[in-house]
Amino acid sequence: MELNRENILIVDDDVHILELIQRHLQALNYHTYKAVSVKEAIAILQDKTIDLLITDLKMPGVDGLELVKYVSDHFPKIPKLVVTGYPSIDGALDAMKSGAIEYVTKPFTKEELKNAVSNALVNKPKKSPVLATKKVEEATYGEIIGQSKAIKKVIDVINRVKDNKATVFVTGESGTGKELVARSIHYMGKYRTAPFIAVNCGAIPENLLESELFGYAKGAFTGADEKRDGFFQAANKGTIFLDEIGNASLATQLRLLRVLQEKEVVRVGSQKVEPIDVRVIAATNLNLKDLIASGRFREDLYYRLTVVEFEVPPLRHRKEDILLLTKKFLLKYGVEFKDNLISITQEAVDALERYEWPGNIRELENTIQRAVIMCDKQVTIGDLPEQLKYNIDFPENEQSELLPLKIIEKNHILKVLEATNNNKTKAAKILQIDRKTLTEKIKKYT
């Protein structure tokens with residue numbers, strides 16, 4: 001009798017149930033694969049084309065619910081059928097929320113299994129309702145997007161400093177949006193019509209930083225053919241944002257201290273003092289107190305910079321804002337790359353909100369940009385990088401939870417026979433036993 005095209009993977013630590021389900025499915029003309037653990041199941045999933053997963057929930061080490069979550073993210077097109085001997089409403093709900101389509105309890109009849117398998121194969125996973133890329137203006141403050149408590153605290157500080165020229169010091173991990181905070185301080189305040197100049201102190205070579213910041217006089221050095229303004233002169237009456245201030249040399253720090261104390265600058269190669277009216281916002285992802293202790297940052301400059309000091313929270317501490325930020329990036333890159341509005345599935349959003357985002361908003365933006373390029377009108381979980389998908393942390397002591405030797409031998413023999421299409425001669429050669437011994441073991445175990 002010809003087998004159906006569907007390949008079904010059965011996962012259960014109870015070999016008797018495993019054999020029972022396999023016999024039922026083979027009688028229904030399905031092709032089957034078996035696994036006695038989640039780790040073995042994942043190996044089969046990565047190596048074979050599977051059309052349906054049937055898994056037990058309660059298994060030693062890593063349970064079947066973890067497997068359902070893993071398959072939902074890494075193999076979203078595979079329907080999942082849960083079989084368990086511990087029926088409960090909570091268990092059923094957890095399984096369904098994790099992506100299972102069907103749920104049956106032991107003991108079950110052949111007919112019940114047949115109906116569950118048929119329903120699961122017919123009702124393959126469908127795309128969940130699409131989240132429309134609605135406007136996010138209502139959650140926008142300047143260039144900051146978010147409604148979480150963490151970001152509201154930042155906005156409260158911005159509101160307190162935006163209309164005065166107190167020096168502001170912004171800390172936070174790389175990619176959290178420190179420059180966006182600085183821009184919001186400037187453009188949401190009464191000095192918004194004045195210049196805003198952003199300077200990355202870490203991107204300018206140390207020997208050029210002073211002249212770039214404070215300008216230089218004609219003849220100050222080789223190539224200085226004419227007088228030139230620096231960033232401070234360009235920002236006069238407005239705001240200068242000094243990003244990665246911890247990378248400035250001690251000489252530059254001394255000049256900057258004079259600017260903050262005396263409100264005046266001296267060009268490189270000149271002795272003429274020029275008054276300056278600039279609000280300074282500095283930022284870093286380094287610990288300046290550690291730099292002070294090692295003699296690489298001036299303590300007096302630190303206290304001048306930190307008149308008002310606050311931290312921009314990492315994205316993992318404001319996960320409520322991930323969806324809003326995602327919608328913004330979907331709109332931005334959908335128009336740029338696809339000339340169209342791009343939507344996203346709930347499964348993909350769940351993965352984005354589950355991830356810890358070590359690279360913060362910058363990493364999220366890059367991820368959405370890539371997903372928009374790779375998707376077809378809608379970002380699905382398949383368009384996201386692997387590190388965002390659900391992964392299983394197998395316990396280190398999993399190997400200590402071993403089955404009896406007889407069961408291990410039986411499972412291995414059956415696996416080898418399956419791999420050789422029941423060719424006993426080939427199987428015996430792989431097992432390094434003679435064909436007669438293999439035949440006796442098969443009789444013993446079947």
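The values are calculated or read from the model by the stated rules, or taken from the named source; none is laboratory data. Everything numeric in this text was worked out from a predicted model, so none of it was measured. With ideal geometry, Cβ positions are generated from the backbone for all residues, glycine too; neighbour counts draw on all protein chains shown. These area figures cover heavy atoms from the full protein model, side chains too; ligands, DNA and RNA do not enter into them. Shrake-Rupley method; radii C 1.70, N 1.55, O 1.52, S 1.80 Å.
Before moving on, here are some points about what is shown:
- Residue within segment 272-290 that is out of contact with any strand residue (DSSP E or B) (no Cβ under 9 Å at 6 or more places or on another chain), of a type in the set (Asp, Glu) and over 15 Å from Thr167 (Cα atoms) present: yes
- Helices (runs of 4 or more DSSP H) fully within segment 274-380 that include at least 3 residues being in contact with a helix residue (DSSP H, G or I) (Cβ under 8 Å, 6 or more places away or on another chain) and open to solvent by less than 10 Å² (accessible area, probe 1.4 Å): 322-333, 346-354, 360-374.
- Among the residues of segment 1-55, those that are closer than 21 Å to Asn123 by Cβ and either in a loop (DSSP other than H, G, I, E, B) or charged (D, E, K, R) (or both) comprise Asn4, Arg5, Glu6, Leu28, Asn29, Tyr30, Thr49, Ile50, Asp51.
- Scanning segment 38-63 for residues that are of a type in the set (Gly, Ala, Ser) and within 10 Å of Asp12 (Cα to Cα) yields a single hit, Ala41.
- Selection of first residues in segment 294-307 that are farther than 13 Å from Ala282 by Cβ and of second residues that are surrounded by fewer than 19 Cβ atoms within 10 Å (Cβ to Cβ) and β-branched (Val, Ile, Thr), restricted to Cβ pairs under 8 Å at least 6 apart or on distinct chains, gives the following pairs, ordered by first then second residue: Glu299/Ile292.
- Of the set (1) under 26 Å from Thr176 (Cβ atoms); (2) open to solvent by 80 Å² or more (accessible area, probe 1.4 Å); (3) in contact with a helix residue (DSSP H, G or I) (Cβ under 8 Å, 6 or more places away or on another chain); (4) not acidic (Asp, Glu), all apply to Gln387 but (3).
- Close pairs from segment 102-122: first under 22 Å from Arg5 (Cβ atoms) and without any contact (Cβ under 8 Å) to a residue 24 or more places away in the chain, partner among the charged types (D, E, K, R) and crowded, with 19+ Cβ neighbours inside 10 Å, Cβ under 8 Å, at least 6 apart: Glu102/Lys80; Asn119/Glu102
- Hey, Lys149 at pLDDT below 85, surrounded by fewer than 18 Cβ atoms within 10 Å (Cβ to Cβ) and of a type in the set (Lys, Arg) or not: no
- In this structure, Leu81 does not satisfy being open to solvent by 50 Å² or more (accessible area, probe 1.4 Å) and either modelled with pLDDT under 70 or in contact with a helix residue (DSSP H, G or I) (Cβ under 8 Å, 6 or more places away or on another chain) (or both).
- If only residues of segment 192-211 that are open to solvent by 40 Å² or more (accessible area, probe 1.4 Å) and in a helix (DSSP H, G or I) are counted, the one that is nearest to Val259 (Cα to Cα) is Glu210.
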